[in-house]
Amino acid sequence: MPDIEVPVLIVGGSLVGMSTAMLLGHHGIRARVVEHHRGTAIHPRAAMITQRTMEVLRTVGIEQIVMQKSDEQFVQDGAIMAVETLAGKELTYFIANLNEGVRDVSPSARIFITQSLLEPLLKQRAEALGADLRFATEMISFVENRDGVTAKIRHRDTGQEETVRARYMIAADGAHSNIRDLLGIRMLGHGVFSKSITIYFRGDVSRLLRGRSLSVMYVVNPALSGFFRIEKPFTSGFLVVHWLGNPNNPVTDVSNGLTNERALEYLRCGLGDDSVPVEIENIMHWDATADTAEHFQRGRIFLAGDAAHVMPPSGGFGGNTGVQDAHNIAWKLAMVLKGQAGPDLLATYDAERRPAAAFTVEQAYSRYVLRSAPYLKSDNMQAIANDLNIEFGYVYDSRGIIKERGNRARVEREGGSGGGNAAAPPNENPRDSKGRPGTRAPHLWIERDGRQISTLDLFDQNFTLLAGREAEGWCHSARSAATRLGIGIDIHRIGADNLSDPTATFLEAYGISSTGAVLVRPDGFVAWRAKTGEAASAGEISDALSSVLCREVNRRSA
Ligand SMILES: Cc1cc2nc3c(=O)[nH]c(=O)nc-3n(C[C@H](O)[C@H](O)[C@H](O)COP(=O)(O)OP(=O)(O)OC[C@H]3O[C@@H](n4cnc5c(N)ncnc54)[C@H](O)[C@@H]3O)c2cc1C
């Protein structure tokens with residue numbers, strides 16, 4: 001007999017496990033999280049948060065507080081660039097201003113906030129939404145059978161053990177996932193290409209910044225390659241070191257045999273000014289890797305975050321990709337657990353997230369090679385895609401989407417050349433998606449009762465029908481279909497009722513006429529679209545919903 005039964009057990013309560021618990025809570029599912037550490041992150045680690053992740057945080061109501069904390073910690077809209085040393089010559093700017101030219105695609109901005117500051121905000125929200133978080137607690141074994149997963153949990157301090165029975169388990173247990181290993185799931189990709197270190201330091205480096213607004217400073221000089229990130233008021237930060245010595249024959253094991261004295265030498269070499277007093281606070285050792293798990297699901301267990309994909313920090317995509325995993329699986333688990341969707345919906349997690357993650361891993365690798373390790377350049381590397389394609393532009397293709405015929409995504413290849421022949425899976429600039437099924441529903445500013453909101457603010461726990469102003473047919477049909485299927489649906493006509501379209505761009509942005517409609521999933525991806533009202537019937541939309549929710553199609557006349 002288990003000591004406790006829960007709908008979902010999450011192993012690992014760091015960035016991704018915590019996000020999953022928060023998003024499950026948002027969908028009314030109270031997850032149990034077990035985390036080995038005694039509290040949230042103590043090291044800064046990830047900091048670059050993409051617009052898409054900020055959109056997810058906006059959905060659960062913490063975007064503003066996250067932005068406020070970010071502003072206390074980092075300069076906003078800084079550059080991502082490369083230098084010989086922080087004090088010395090500038091080499092190139094990869095991104096001159098973090099948010100330049102991207103604000104139109106999202107209501108949210110890219111920001112920097114460290115994991116040590118972000119995780120407590122996620123924790124607070126997850127708990128408010130009902131998550132049951134257990135720190136200093138580890139999962140020591142598990143057995144899976146037809147109906148669920150039984151896990152043995154041990155408290156690290158008391159040694160007390162309990163058995164938890166869960167309908168589903170999420171492995172958010174990081175890059176060295178023990179669950180992944182026990183399931184026999186292999187990681188595929190480039191393997192380890194550097195034994196890197198992160199040197200956390202204190203010291204006033206403001207003089208070396210020379211008033212420049214910088215978010216990430218890559219360092220490439222004859223002695224080392226890595227990158228700096230500095231926090232306000234510019235008296236602390238870190239230097240990552242990827243390799244040392246001759247770039248044609250580099251020493252890629254920076255970690256082995258490292259002493260504090262050597263680390264201080266590397267730091268001074270990156271700063272390029274020995275007169276600045278600095279002191280080392282901590283050193284972290286980690287493997288730079290670019291791999292994706294061969295499966296994201298085995299039975300009732302799902303891999304998420306670094307357990308499913310590991311990538312070099314170049315681009316700042318690792319943690320963000322994990323948050324998107326969490327966002328994708330949370331609503332699916334919730335609808336299956338509530339009996340609103342068939343269990344096959346869960347298989348769409350692997351079908352959707354694995355190609356998106358594999359693409360991101362390759363893009364992070366290409367950026368690593370281009371920015372930090374040109375000696376790894378090869379002909380079959382993926383060409384660099386626009387950052388927006390990585391953040392928003394991946395295209396889902398699974399049973400959870402009703403595809404339109406003859407509408408393949410345009411694969412973009414742009415930006416600095418990373419060499420690159422390897423084909424990327426479908427991805428596109430989010431400005432080109434135009435409400436096509438499988439893509440993220442576009443953002444545009446509209447007004448509700450005269451107050452500006454984003455179209456994205458209309459998506460919440462339910463499916464949402466966004467319709468043209470003359471699409472009463474689809475609205476009526478959607479209401480009947482949802483009642484028939486026993487699910488909630490939010491229905492909005494843009495340009496009618498209390499929602500106005502001041503720029504008159506909604507129909508074009510979503511690729512429909514004034515009688516057409518799109519069905520948006522709770523994760524903000526378009527599931528189905530009718531460009532006009534010709535076929536409007538409850539049977540049509542009921543079939544679409546049944547198919548996306550992996551329920552048996554049980555069509556009755558409209
Ligand atoms: C220097 C650096 C900079 C980075 N910068 C960025 C960035 O700017 N943006 C970005 O998006 N990403 C960045 N990343 C990547 C990012 O840090 C990771 O992708 C992210 O932390 C992964 O989160 P996770 O929750 O999947 O895994 P982890 O953070 O590794 O968490 C896994 C957790 O599982 C727990 N655990 C493991 N096994 C058990 C068990 N059996 N029982 C209980 N608990 C268990 C562990 O204690 C751990 O807390 C960076 C990484 C590095 C190294």
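The values are calculated or read from the model by the stated rules, or taken from the named source; none is laboratory data. No experiment lies behind these values; they were computed from the predicted model shown. Cβ sites come from the backbone with ideal geometry, for glycine too, and all protein chains shown count toward neighbours. Ligands, DNA and RNA are excluded from the accessible area calculation, which covers all protein heavy atoms including side chains. Shrake-Rupley method; radii C 1.70, N 1.55, O 1.52, S 1.80 Å.
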remark   = Here the residues within the stretch 45-59 that are touching a residue at least 60 places away in the same chain (Cβ under 8 Å), in a helix (DSSP H, G or I) and within 16 Å of the ligand (Cβ to nearest atom) are GLN51, ARG52, THR53, GLU55, VAL56
query = Which ones in the stretch 221-230 are touching a residue at least 40 places away in the same chain (Cβ under 8 Å), more than 13 Å from the ligand (Cβ to nearest atom) and open to solvent by less than 40 Å² (accessible area, probe 1.4 Å)?
reply = ASN221, LEU224, SER225
ask   = Do we find a residue being farther than 20 Å from GLY319 by Cα, assigned to a loop (DSSP other than H, G, I, E, B) and open to solvent by less than 10 Å² (accessible area, probe 1.4 Å) anywhere in the stretch 60-82?
value = no
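Conditions (1) in a strand (DSSP E or B); (2) open to solvent by 60 Å² or more (accessible area, probe 1.4 Å), marked per residue:
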site: PRO107; (1), (2): no, no
site: GLN124; (1), (2): no, yes
site: GLY159; (1), (2): no, no
site: GLU162; (1), (2): yes, no
site: HIS190; (1), (2): yes, yes
task = Scan the stretch 29-43 residue by residue and report those that are open to solvent by 10 Å² or more (accessible area, probe 1.4 Å) and near the ligand (Cβ under 8 Å from one of its atoms).
result = GLU35, HIS36, HIS37, ALA41
ask   = Of all the residues that make up the stretch 192-212, how many are part of a strand (DSSP E or B), open to solvent by 20 Å² or more (accessible area, probe 1.4 Å) and not charged (D, E, K, R)?
value = 2
request  = Determine, yes or no, whether ILE301 is surrounded by 22 or more Cβ atoms within 10 Å (Cβ to Cβ) and more than 12 Å from the ligand (Cβ to nearest atom).
outcome  = yes
remark   = Exactly one of THR289, THR360, THR348 is modelled with pLDDT of 95 or more, among the polar types (S, T, N, Q) and over 30 Å from ILE95 (Cα atoms), and that residue is THR348
task = Considering each residue of the stretch 121-131, count those that are more than 14 Å from the ligand (Cβ to nearest atom) and either under 15 Å from ARG38 (Cβ atoms) or in contact with a strand residue (DSSP E or B) (Cβ under 9 Å, 6 or more places away or on another chain) (or both), and give that number.
result = 2
ask   = Has the stretch 419-431 got any residue that is among the basic types (Lys, Arg) and either modelled with pLDDT of 95 or more or open to solvent by less than 30 Å² (accessible area, probe 1.4 Å) (or both)?
value = yes
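To keep it simple, each residue is scored yes or no on (1) of a type in the set (S, T, N, Q); (2) buried (at least 22 other Cβ atoms within 10 Å of the Cβ); (3) out of contact with any helix residue (DSSP H, G or I) (no Cβ under 7 Å at 6 or more places or on another chain).
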position: GLU447; (1), (2), (3): no, no, yes
position: ILE453; (1), (2), (3): no, no, yes
position: ASP457; (1), (2), (3): no, no, yes
position: ALA471; (1), (2), (3): no, yes, yes
position: SER477; (1), (2), (3): yes, yes, no
position: ILE494; (1), (2), (3): no, yes, no
position: LEU499; (1), (2), (3): no, no, yes
position: PRO502; (1), (2), (3): no, no, yes
message = Among the numbered criteria (1) open to solvent by less than 10 Å² (accessible area, probe 1.4 Å); (2) under 15 Å from THR321 (Cβ atoms); (3) in contact with a strand residue (DSSP E or B) (Cβ under 6 Å, 6 or more places away or on another chain), which one does MET48 miss?
response = (1)
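Given the options GLU84, GLU144, GLU90, name the one that is farther than 24 Å from HIS443 by Cα, within 16 Å of the ligand (Cβ to nearest atom) and among the acidic types (Asp, Glu). Write out each step before concluding.
Numbers: GLU84 fails: within 16 Å of the ligand (Cβ to nearest atom); GLU90 fails: within 16 Å of the ligand (Cβ to nearest atom).
Matching residue, one of GLU84, GLU144, GLU90: GLU144.
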Filtered residues of the stretch 231-272 (kept if of a type in the set (A, V, I, L, M) and touching a residue at least 60 places away in the same chain (Cβ under 8 Å)) = VAL240, VAL254, LEU258, ALA263, LEU267, LEU271
request  = Please determine, by comparing only the residues of the stretch 315-343 that are more than 9 Å from the ligand (Cβ to nearest atom) and part of a loop (DSSP other than H, G, I, E, B), which one is surrounded by the fewest Cβ atoms within 10 Å (Cβ to Cβ).
outcome  = GLY339
request  = Determine whether the stretch 19-28 contains at least one residue that is within 14 Å of the ligand (Cβ to nearest atom) and open to solvent by 50 Å² or more (accessible area, probe 1.4 Å).
outcome  = no
message = Return the pair list, or none, for Cβ contacts closer than 6 Å from residues in the stretch 293-307 that are closer than 19 Å to TRP331 by Cα to residues that are within 13 Å of the ligand (Cβ to nearest atom) and open to solvent by 10 Å² or more (accessible area, probe 1.4 Å), at least 6 apart or on different chains.
response = LEU303/ARG180; ALA304/VAL16; ALA304/ALA172; GLY305/VAL16; GLY305/ALA172
request  = Check off (1) open to solvent by less than 40 Å² (accessible area, probe 1.4 Å); (2) within 30 Å of LEU24 (Cβ to Cβ); (3) in contact with a Phe, Trp or Tyr (Cβ under 8 Å, 6 or more places away or on another chain) for ILE280 and give me the number that stays unchecked.
outcome  = (2)
task = Could you list all residues from the stretch 23-57 that are within 30 Å of ILE230 (Cβ to Cβ) and under 14 Å from the mean Cα position of the chain (by Cα)?
result = ALA46, ALA47, MET48, ILE49, THR50, GLN51, ARG52, THR53, MET54, GLU55, VAL56, LEU57
inquiry  = Based on this model, can you work out whether ARG167 counts as charged (D, E, K, R), within 12 Å of the ligand (Cβ to nearest atom) and either open to solvent by less than 40 Å² (accessible area, probe 1.4 Å) or outside any loop (DSSP other than H, G, I, E, B) (or both)?
reply    = no
task = Assess whether VAL8 counts as being near the ligand (Cβ under 7 Å from one of its atoms) and either farther than 17 Å from ARG300 by Cβ or in contact with a strand residue (DSSP E or B) (Cβ under 7 Å, 6 or more places away or on another chain) (or both).
result = no
message = Condition (residue is among the polar types (S, T, N, Q), in a helix (DSSP H, G or I) and modelled with pLDDT of 95 or more) applied to the stretch 460-467: is it met by at least one residue?
response = no
